[in-house]
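One structure below.
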Amino acid sequence: MPSTPHVTRRRFVKTTVAGSAGLMLASPLGRESLLFGQSPNRRIQIAQIGCGRMGTEDLLGTIRHADLCRIVAVCDLDSKRLAAAKAKAEQFYRERGERAVDVKAYRDYREVLARPDIDAVSVTSPDHWHAIVAVEAALAGKDLHVQKPLTYDINEAIALRTAVRARKRILQTGSQQRSSNPWNTFRVATEAVRNGRIGRIHTVKVGIGQDQPKGQPPAAQPVPPNLDYETWLGPAPQQPYMEDRVHPQTSLERPGWITTEDFGLGMITNWGAHHIDIAQWGLGQELGGPLTIEAKAAFMTGDVWTVHHTYHVEMTYPGGVRLIMDDTFPNGIRFEGEDGWVFCARGAGLVTSSDPGAAQQQASRAKSLDASRLEILTAPYGPKDVRWPESEDHYRNWLEAIAARKDPVAPVDQAARSLEACAAAWIGMKLQRKLAWDPAREAFVDDDQANAMRRRAPRSPAYDIDAVMRRAGLA
């Protein structure tokens with residue numbers, strides 16, 4: 001098959017046309033339109049909640065759009081990370097010539113939400129804390145950027161979507177593959193698929209990387225004085241502190257909570273949230289989901305690192321499309337149709353360097369965009385073809401959406417559906433039997449055991465999302 005050269009987003013996208021009911025348009029705005037007609041000097045006031053590895057990335061990604069926003073507060077339960085984030089934000093403004101800079105630092109996110117001058121928050125806590133903070137932020141009238149996966153379980157995803165829509169908030173999910181730079185490959189590939197350029201789709205193959213068993217587990221340790229560990233546990237079961245199960249104390253390297261099921265579900269939601277999102281985008285199922293799930297996986301054993309490592313998942317979608325995830329597949333998404341195929345990935349050097357499989361991906365130098373025929377990717381589009389809303393920068397797209405009061409490129413409804421598919425696959429891994437899923441009801445069909453697993457029980461009522469929703473009149 002002919003190989004496909006690198007193709008820029010600008011070469012392909014000349015117009016922006018919403019192609020289905022599931023697409024929402026977020027148009028770039030002039031400064032005069034910012035924030036409901038307020039003064040163009042009024043910038044969106046933002047607080048960064050969670051200042052670790054991805055929180056630092058979100059902080060720096062947002063703060064550079066100083067014409068649209070200002071970071072006014074940072075929040076973290078680790079005082080070292082909190083101080084570092086405050087210093088980074090204040091340094092940014094000093095380098096712009098400001099003298100008196102004071103970015104407020106908080107350890108309790110509720111103090112952030114209580115500030116009426118804060119318009120929006122970026123939620124980059126560990127996965128098990130996403131929904132609690134995000135739901136309460138939406139109820140407090142804040143717009144949100146929430147890192148992927150959107151939430152920790154299906155019940156939380158539905159609750160967050162309900163709160164966001166009820167309070168008319170703007171939520172951008174950290175599914176940055178939907179924005180053009182540097183991963184325009186996903187947008188180009190899915191537009192080709194949605195417009196029938198490879199015919200009827202019969203198979204989608206998804207590689208999401210693989211976590212490996214870590215060997216000898218660490219022993220319990222004293223809690224460092226800079227970390228509020230009891231609060232960090234939040235809804236998770238009570239357990240002793242281990243640095244390797246929380247996050248490094250001297251770096252922003254990949255944290256251990258990612259491989260502990262009390263805090264995150266492993267690669268099925270870590271990378272799965274990215275790639276299932278793109279797969280459903282390409283299939284026109286961004287507001288739908290699978291019909292059946294069959295999954296097998298081997299899980300790490302012990303009481304420290306407990307997520308899956310090897311896995312094989314098969315899901316069927318409407319139209320008989322088979323979506324297959326397997327730990328032997330290269331990281332990326334391959335759409336296979338009756339008239340050809342398209343492959344898209346971040347490509348060599350673009351996989352998060354601390355994620356499993358990054359070295360192998362770089363060594364393989366797999367093409368980030370490829371197809372069975374060059375014209376699948378290069379043929380011009382017509383005015384009636386499906387096109388995605390333009391988004392050259394994921395953070396700026398969020399800020400412009402806030403100003404316009406329109407959905408961004410990765411809105412809450414579609415992110416909830418991506419999480420549901422990933423979480424349903426995880427439930428299938430656990431139960432090791434075929435499951436039937438009803439996308440309309442967002443529930444398993446005639447399966448009480450599987451449906452009970454849509455919700456992870458919190459360790460105390462203080463962390464019960466259902467109780468929060470009831471108090472808000474949104475149960």
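Annotations
- Helices (runs of 4 or more DSSP H) lying entirely in the stretch 362-432 (those with 3 or more residues that are in contact (Cβ under 8 Å) with a residue 12 or more places away in the chain and crowded, with 24+ Cβ neighbours inside 10 Å): 394-404, 412-431
- Looking only at the stretch 231-275, and only at residues there that are of a type in the set (Val, Ile, Thr) and part of a loop (DSSP other than H, G, I, E, B), the one that is nearest to residue 427 (Cα to Cα): 260
- The stretch 415-454: number of residues that are farther than 18 Å from residue 128 by Cβ and among the β-branched types (Val, Ile, Thr): 1
- Of all the residues in the stretch 151-169, those that are in a loop (DSSP other than H, G, I, E, B) and within 15 Å of the chain's Cα centre (by Cα) number 3.
Residues are listed down the side, and each one gets a yes or a no for (1) closer than 21 Å to residue 62 by Cβ; (2) buried (at least 18 other Cβ atoms within 10 Å of the Cβ); (3) touching a His at 6+ places or on another chain (Cβ under 7 Å):
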residue	(1), (2), (3)
138	yes, yes, no
184	yes, yes, no
204	no, yes, no
226	no, no, no
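- Test: residue 459 is in contact with a Pro (Cβ under 9 Å, 6 or more places away or on another chain) and within 17 Å of residue 127 (Cα to Cα): yes
- Cβ pairs under 9 Å, 6+ apart, first in the stretch 105-134 and under 16 Å from residue 63 (Cβ atoms) and without any contact (Cβ under 8 Å) to a residue 60 or more places away in the chain, second in a loop (DSSP other than H, G, I, E, B) and not aliphatic (A, V, I, L, M): 105/76
- Within the stretch 85-102, no residue that is closer than 16 Å to residue 57 by Cα sits with its Cβ atom under 7 Å from a residue that is part of a helix (DSSP H, G or I) and of a type in the set (D, E, K, R) at 6+ positions apart or across chains.
- Count of residues meeting criterion [outside any loop (DSSP other than H, G, I, E, B) and either under 21 Å from residue 238 (Cα atoms) or under 24 Å from the mean Cα position of the chain (by Cα) (or both)] in the stretch 436-445: 4
Residues checked against (1) β-branched (Val, Ile, Thr); (2) over 29 Å from residue 459 (Cβ atoms); (3) in contact with a Pro (Cβ under 8 Å, 6 or more places away or on another chain):
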position: 240; (1), (2), (3): no, no, no
position: 268; (1), (2), (3): yes, no, no
position: 275; (1), (2), (3): no, yes, no
position: 279; (1), (2), (3): no, yes, no
position: 298; (1), (2), (3): no, no, no
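- Candidates 328, 310: the one that is surrounded by fewer than 22 Cβ atoms within 10 Å (Cβ to Cβ), modelled with pLDDT of 95 or more and in a loop (DSSP other than H, G, I, E, B) is 328.
- In summary, helices (runs of 4 or more DSSP H) completely within the stretch 43-121 and bearing 1 or more residues that are of a type in the set (Asp, Glu) and under 24 Å from the mean Cα position of the chain (by Cα) occur at 53-63.
- Those residues of the stretch 446-475 which are in a helix (DSSP H, G or I), crowded, with 16+ Cβ neighbours inside 10 Å and small (Gly, Ala, Ser), in sequence order: 450
- Condition check for residue 198: surrounded by fewer than 24 Cβ atoms within 10 Å (Cβ to Cβ), of a type in the set (A, V, I, L, M, F, W, C), part of a helix (DSSP H, G or I) and in contact with a helix residue (DSSP H, G or I) (Cβ under 8 Å, 6 or more places away or on another chain): no
- Residue 301 meets each of the listed conditions (1) part of a loop (DSSP other than H, G, I, E, B); (2) among the polar types (S, T, N, Q); (3) crowded, with 21+ Cβ neighbours inside 10 Å apart from (3).
- Whenever a residue of the stretch 251-268 is at positive phi, its partners that are surrounded by fewer than 21 Cβ atoms within 10 Å (Cβ to Cβ) and assigned to a loop (DSSP other than H, G, I, E, B), lying with C-beta atoms within less than 9 angstrom and at least six residues away or across chains, give the pairs 266/300; 266/306.
- Pairs where the first residue, in the stretch 307-320, is under 21 Å from residue 196 (Cα atoms) and touching a residue at least 24 places away in the same chain (Cβ under 8 Å) and the second is β-branched (Val, Ile, Thr) and surrounded by fewer than 22 Cβ atoms within 10 Å (Cβ to Cβ), C-beta under 8 Å, 6+ apart: 316/292
- Count of the stretch 186-195 residues which are surrounded by fewer than 24 Cβ atoms within 10 Å (Cβ to Cβ) and part of a helix (DSSP H, G or I): 2
The values are calculated or read from the model by the stated rules, or taken from the named source; none is laboratory data. This one's a predicted model, so the numbers in the text were calculated from it and none came from an experiment. Counting neighbours? That spans all protein chains shown, and the Cβs are built from the backbone with ideal geometry, glycine included.
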